[in-house]
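Contents: one structure, followed by commentary.
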Amino acid sequence: DTAVSQTPKYLVTQMGNDKSIKCEQNLGHDTMYWYKQDSKKFLKIMFSYNNKELIINETVPNRFSPKSPDKAHLNLHINSLELGDSAVYFCASSYGTANTGELFFGEGSRLTVL
Amino acid sequence: QKEVEQDPGPLSVPEGAIVSLNCTYSNSAFQYFMWYRQYSRKGPELLMYTYSSGNKEDGRFTAQVDKSSKYISLFIRDSQPSDSATYLCAMTGPPPNSNYQLIWGAGTKLIIKP
């Protein structure tokens, strides 16, 4: 049983298109995150939700819109894709909002924008 | 200056060697220190977790925190080819200086040669 699962694992698309990535966790956690990892492996927080409420919203273009239908799901929609959006996007989850660092990550969604 | 500095490597050592991985940081409010391991094309997974200063040992792995020097280390004894991965340090602390957001190092790529 996968604890944090993301779909799709791979996305190849053209500039200007819109795409979505879905994430589900079965750990009973109440906080979920989206991270972006660039080609140099640097992990950057994008968004965090606690019980469906947005609690972290870093400086991310408004082309990126997260949505949490319930505390087990966090989706990411990206409009008007640009070349610079190419990266691996990781979903993660944890207990509570006091982030003491015990995050559980999915396997990542590798986005390539052509 | 970045809040957390980590040499990206790669660091290549022979099997059986003792490996030392390090991070330095600038924010004295950090209290929780983590090491994550990330295999190629996988999500990061928590390896070691330390609160405040001191050492923590788990099998072949030892995490050290020196808050006075703002320096953390991960030691791997009797390194194995299966230890080949990218190791990311991460840390966080309470508000107002940190607000419990995880701050990540860039990750060090480690290669253990058989």
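Computed values, structure above
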quantity: Tally, over the range A:82-102, of residues that are closer than 17 Å to B:TYR36 by Cα, within 7 Å of another protein chain (Cβ to nearest Cβ) and modelled with pLDDT under 95; calculated: 4
quantity: Failed condition for A:LEU27, given (1) in contact with a strand residue (DSSP E or B) (Cβ under 7 Å, 6 or more places away or on another chain); (2) in a strand (DSSP E or B); calculated: (2)
quantity: For B:TYR39: the one exception among (1) in contact with a strand residue (DSSP E or B) (Cβ under 6 Å, 6 or more places away or on another chain); (2) more than 14 Å from chain A (Cβ to nearest Cβ); (3) in contact (Cβ under 8 Å) with a residue 40 or more places away in the chain; (4) hydroxyl-bearing (Ser, Thr, Tyr); calculated: (2)
quantity: Residue ID - surrounded by the fewest Cβ atoms within 10 Å (Cβ to Cβ), chosen from residues in the range A:30-45 that are in a strand (DSSP E or B) and without any contact (Cβ under 8 Å) to a residue 40 or more places away in the chain; calculated: A:LYS44
quantity: Filtered residue count, the range B:43-53, keeping only those that are touching a Lys or Arg at 6+ places or on another chain (Cβ under 9 Å) and either within 16 Å of B:GLY107 (Cβ to Cβ) or surrounded by fewer than 17 Cβ atoms within 10 Å (Cβ to Cβ) (or both); calculated: 7
quantity: Single condition B:TYR25 does not satisfy, out of (1) touching a residue at least 40 places away in the same chain (Cβ under 8 Å); (2) of a type in the set (Phe, Trp, Tyr); (3) facing another protein chain (nearest Cβ under 9 Å); calculated: (3)
quantity: Selection from the range B:69-90 of residues that are closer than 12 Å to B:VAL19 by Cβ, open to solvent by 10 Å² or more (accessible area, probe 1.4 Å) and assigned to a loop (DSSP other than H, G, I, E, B); calculated: B:ARG77, B:ASP78, B:GLN80, B:SER84
quantity: In the range B:45-68, the residues that are outside any strand (DSSP E or B) and at pLDDT 95 or above; calculated: B:GLY59, B:ARG60
quantity: Some residue of the range B:23-32 being in a strand (DSSP E or B) and under 18 Å from A:PHE104 (Cβ atoms); calculated: yes
quantity: Strands (runs of 3 or more DSSP E) enclosed by the range A:53-114 - at least 1 residues per element that are more than 19 Å from A:LYS40 (Cα to Cα) and open to solvent by less than 20 Å² (accessible area, probe 1.4 Å); calculated: A:64-70, A:73-78, A:87-94
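Condition check ((1) polar (S, T, N, Q); (2) under 24 Å from B:LEU46 (Cα atoms)) across all residues:
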residue	(1), (2)
A:HIS29	no, yes
A:LYS40	no, yes
A:LEU43	no, yes
A:SER68	yes, no
A:VAL88	no, yes
A:SER93	yes, yes
A:GLU102	no, yes
A:GLY106	no, yes
A:ARG110	no, yes
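The values are calculated or read from the model by the stated rules, or taken from the named source; none is laboratory data. Only a predicted model underlies this, so the values are computations on that prediction, with no experimental measurement involved. Note: ideal-geometry Cβ built from the backbone for every residue, glycine included; neighbour counts use all protein chains shown. Heads up: the accessible areas ignore ligands, DNA and RNA and are worked out on the full protein's heavy atoms, side chains in. Shrake-Rupley method; radii C 1.70, N 1.55, O 1.52, S 1.80 Å.
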